[in-house]
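The values are calculated or read from the model by the stated rules, or taken from the named source; none is laboratory data. Just so we're clear, the structure is a prediction, and the values are computed from it rather than from any experiment. Quick reminder, even Gly has a Cβ in these numbers, built from the backbone with ideal geometry, and neighbours come from all protein chains shown. When the accessible area is computed, the model is the full protein with side chains, heavy atoms only, and any ligands, DNA or RNA have been set aside. Shrake-Rupley method; radii C 1.70, N 1.55, O 1.52, S 1.80 Å.
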Amino acid sequence: MTLALALLRLFLGLTFIYAGLDKLIDPAFLRAAGPGSIGAQLAAFTRESPLSILVQVVAQPFPILTGLVISVTEIAIGLGALTGLIFRLSATGGAALSILFWLTASWAIKPYYYGPDLPYAAGWVTLAVAGPGGRFLLDGWIASHLELDPDAEPMSTERRQFLHGGILALGALALATLGGTLGAAVFGRPNGGTGPDASPSPGTGQGSDGPTAAPNGTVVGTVAAMASQGGSLYFQDPQSGDPAVLVKLSTGKVVAFDAVCTHAGCTVEFDPGSRLLICPCHGATFDPARAAAVLGGPTNVPLASLPITVDTRTGVISLSG
Ligand code: FES
């Protein structure tokens, strides 16, 4: 039994530390907008999560801070599971965070058993109820190395918990700082790259000027530019700041969609072979010929359509409205 609990602690602890570090190292994550950013993910959550209002009020105004808090909390919870320090609080935190992820990031995954967060929550609840299991715990080592004076009165439970919490917090902050520094050094996260303007529009074909205002709306591309890009063209939606994509259907009609995947906010890519929009993160597939209806993958929410007009004389495509 204690070995089983130790294995569960090992798996969940390492997974949460990895998840926290991965977010900090990923150069795209800690940004307010753009493909793979926490800002794009929060925007996706507001479209379908039952916690939409909470996300809009609490998290969306502070996307970078939200991303940082989630990352450091994941690392602290993972360390708590591995070391056994303030264990039940760490396991309860792991359960709460997993349920939060289920209600946001995994909510669109149908059927629910394809989503990862409920099983994580079940694992954390098991640890919170069962405790650390008495093996591979750091508190014994701390007692022998940090509670130095053997003649002193034994430390009270509150003081001991406080000490353990402090060690855990310091460890999490040190690891997070290391991960963030590594992300900036190795992957070159751009300084100040946290606003919508800083996010690249993949495959845009519009040059660096981006969409331009025109009397009938905002010009986002031309039919000729689409042809040179294999039938699609990316641009940045000036209203939402999201990446968006124009697709020329086999009928010749041009359609436009918000390119932020309705699962967890990655940017979908146009596949010229199948003429479908496919998410590189978890494989959600959308059919542009059927209003971006979902053909497969962990979401059942189509991409948002964007209204456009095409000037048949000049081939200029504008966002209307
Ligand atoms: Fe998961 Fe697109 S973000 S399928």
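Observations on the model:
- Top-ranked residue in the stretch 240-255 [being assigned to a loop (DSSP other than H, G, I, E, B) and among the small types (Gly, Ala, Ser); ranked as farthest from the ligand (Cβ to nearest atom)]: GLY252
- Applying a threshold of 8 Å to beta carbon distances and a minimum spacing of six or more residues, or different chains, the list of pairs starting in the stretch 235-252 at a residue that is under 12 Å from ARG275 (Cα atoms) and ending at one that is open to solvent by 70 Å² or more (accessible area, probe 1.4 Å) and not small (Gly, Ala, Ser) reads VAL247/ARG275; LEU249/ARG275; SER250/ARG275.
- Qualifying positions in the stretch 258-282 - in a loop (DSSP other than H, G, I, E, B) and open to solvent by less than 30 Å² (accessible area, probe 1.4 Å): ALA259, CYS261, THR262, HIS263, ALA264, GLY265, CYS266, VAL268, CYS279
- Screening THR267, THR285 for residues that are more than 15 Å from the chain's Cα centre (by Cα) and within 16 Å of the ligand (Cβ to nearest atom) leaves exactly one candidate, THR285.
- Under the condition of being of a type in the set (Val, Ile, Thr) and more than 12 Å from VAL316 (Cβ to Cβ), the residues counted in the stretch 223-238 number 0.
- Boolean, LEU89 is more than 16 Å from the ligand (Cβ to nearest atom) and either buried (at least 16 other Cβ atoms within 10 Å of the Cβ) or under 30 Å from THR2 (Cα atoms) (or both): yes
- Set ASP237, ASP258: member being within 16 Å of the ligand (Cβ to nearest atom) and in contact with a strand residue (DSSP E or B) (Cβ under 6 Å, 6 or more places away or on another chain): ASP258
- Here LEU303, LEU295 are screened, and the one residue that is touching a residue at least 12 places away in the same chain (Cβ under 8 Å) and either in a strand (DSSP E or B) or away from the ligand (no atom under 16 Å from the Cβ) (or both) is LEU295.
- Test for VAL219: is it open to solvent by less than 20 Å² (accessible area, probe 1.4 Å), at pLDDT 90 or above, farther than 30 Å from PHE101 by Cβ and part of a strand (DSSP E or B): no
- Condition met for SER228 (hydroxyl-bearing (Ser, Thr, Tyr), under 28 Å from the mean Cα position of the chain (by Cα) and over 24 Å from ALA44 (Cα atoms)): no
- In this structure, LEU233 does not qualify as among the aliphatic types (A, V, I, L, M) and surrounded by fewer than 24 Cβ atoms within 10 Å (Cβ to Cβ).
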